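As structure tokens, the structure follows; a few thoughts come after it.
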Amino acid sequence: MRTDLLTEPMAGLDEALAAVDGFDRTLVGGLLRPQPAQAADLNQLACAVAGTPLASRVAEAADKAAAGAASEDHFVALAAARTALLGSVHDALMTRVDEVIGRTRGEATASTPGERHMVNLLAAARSWLCDLARAGWQGIDHEVVSASAQVVSSMLPDPSLRRLATLLDGFAAELAASCPGAALKRMPVRRWGDVWSRAMLLTVPGAADAPTTAPATGRLLPLGVDVHEHATAAQAQVHAVFEPADGSAPRLVRASVSVPKPDTVVGAGVWQLLRPHMSLLAAAGEGRSMELHAMPITAEGDLIWSDEQGRPGEPADPFATARVVLPTATAAHTAPLHRHPAGIAVPVFLEGYAVHKDGDVLTFNTAGHGHGHGLAVEADRVPTTGPLTPEAVALSNACIGLLRWDTGAFSVQPLAVETTVRKKAVAVHAGAWAGGTADKTGAKAEKAATEAVAVLRERAGRLLRK
């Protein structure tokens, strides 16, 4: 990898992010009675998309919003401009990543048009989001936030609206926990701007159309498992290389499973909640391949996992896959609404680096044109659900990880590392306990989680009997 290229500046990137930050500032104070500074930020957003098909609509929307007279269509246009700018940043970063790795991408495909229904619920959601924009984060209170409850409850029974309903429900809960906004000393301005913009665009009929899928038959070679854990939910995402049975080029793919969870189940305990829903986790933990037969896969490379269409295959060492197959794999294009710098997570393989440690900060120093180039290591993102630790990363000499971008710089999140113990290569994987483990620490965590779940089920049963 030419990691030296990751630090080179990109034309227009800072300007695009500055326009996004300016619009986010307008949402802090709200657009019911805009101030001159907010009008200037709105104008900056319009100027940033002046050379695009959005130009005239965003210019009109910015003028109306600056006058405190923005309609729902105007707020949608502003959300589209913000999303487009972050999408352009995403594309510039991915172009640089492809250049560094030397990876090619497949052809982009359109989504499959779905049925147009429940337009009234979409309009109700859009109305609530507009009320939020007018109030601003500093003006939110429980009355404004709670207005989403009826919309969310009406949306949830419809599978086609469940994504938006879940997003609105989580957003409302986060805002409710922050009320009143006037008392907040700090707020996640970029995050709330992201959620507001995405939700606003998902209220446009057709925006959430189902992705195009095709049957995938061939061999799946897991690279590593990334785990996202929250108080009431957990997700495991397996990154892998798919070798089609027809002999065509290998492809980078993902397979994910998400489950609700009690807040008392943490760390390695989440595997028992995730494991029953996806056999791929056991294969990844055991270092085995999977044989797929007509498994649905989206144009973005996401497998719609079904245990009936996959069976365990032969042993497959992830580091052998990373060294031999990963460099030849093609990557899929990202769908328009998913183009965001925070969503960048590109599987990479690094070796021959020196680890530099400065307190808790780790850096992989690689050679590039005779000079050392440091790549920050996101050791704090290493999941607590497996044996991989920052200490193991610090002793490594090879790494399978996810290349990410945040706060203006690239970094790598380790999924597995290889180190030398008594002159032998030893691999440590974040997903090593995904299929179960005899490791004392992992077994102890799973036992504690089993006991916690059993207690909760017993209490829930008692409540239901009453």
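The values are calculated or read from the model by the stated rules, or taken from the named source; none is laboratory data. This structure is a prediction, so every number in the text was calculated from the model and none was measured. Methodologically, a virtual Cβ is constructed for each residue, glycine included, from the backbone with ideal geometry; neighbour enumeration extends over all protein chains shown.
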*asked:* Restricting to region 203-250, and then to whatever is polar (S, T, N, Q) and within 30 Å of T328 (Cβ to Cβ), can you tell me which residue is surrounded by the fewest Cβ atoms within 10 Å (Cβ to Cβ)?
replied: S248
_Going through L27, L17, L5 one at a time, which residue ends up being surrounded by 13 or more Cβ atoms within 10 Å (Cβ to Cβ), at pLDDT 95 or above and either over 23 Å from E60 (Cβ atoms) or touching a strand residue (DSSP E or B) at 6+ places or on another chain (Cβ under 8 Å) (or both)?_
L17
*In the list S154, S197, which residue meets the criterion of being in the same structural domain as L17 (by TED's automatic domain parsing) and either among the aliphatic types (A, V, I, L, M) or under 21 Å from F23 (Cβ atoms) (or both)?*
S197
*Pull up region 297-315, narrow it to residues that are of a type in the set (G, A, S) and under 18 Å from Q237 (Cα atoms), then point me to the one that is surrounded by the fewest Cβ atoms within 10 Å (Cβ to Cβ).*
S306
*Among all residue pairs at least 6 apart or on different chains, which show Cβ distances below 9 Å where the first residue, located in region 385-412, is on the phi > 0 side of the Ramachandran plot and the second is hydrophobic (A, V, I, L, M, F, W, C)?*
G408/L13; G408/L17
*asked:* Going by what's in this entry, would D209 be described as out of contact with any helix residue (DSSP H, G or I) (no Cβ under 7 Å at 6 or more places or on another chain), at pLDDT 95 or above and not basic (K, R)?
replied: no
*Among the residues of region 105-129 satisfying the criterion of being small (G, A, S), assigned to a loop (DSSP other than H, G, I, E, B) and modelled with pLDDT of 60 or more, which is nearest to E143 (Cα to Cα)?*
A108
*Within region 283-296, which residues are surrounded by 24 or more Cβ atoms within 10 Å (Cβ to Cβ) and in contact with a Leu (Cβ under 6 Å, 6 or more places away or on another chain)?*
M290, L292, M295
_Consider region 413-449. How many of its residues are free of Cβ contacts under 8 Å to residues at least 40 places away in the same chain, among the small types (G, A, S) and assigned to a helix (DSSP H, G or I)?_
1
*In region 360-375, residue modelled with the lowest pLDDT [restricted to those that are surrounded by fewer than 17 Cβ atoms within 10 Å (Cβ to Cβ) and closer than 22 Å to D226 by Cβ]*: D360
*Residue check: is F319 part of a strand (DSSP E or B), of a type outside the set (D, E, K, R) and surrounded by 14 or more Cβ atoms within 10 Å (Cβ to Cβ)?*
no
*Please go through region 135-152 and pick out each residue that is within 21 Å of G68 (Cβ to Cβ) and free of Cβ contacts under 8 Å to residues at least 60 places away in the same chain.*
I140, D141, E143, V144, A147
*What number of residues within region 122-169 satisfy the criterion of being in contact with an Asp or Glu (Cβ under 6 Å, 6 or more places away or on another chain) and under 17 Å from L201 (Cβ atoms)?*
2
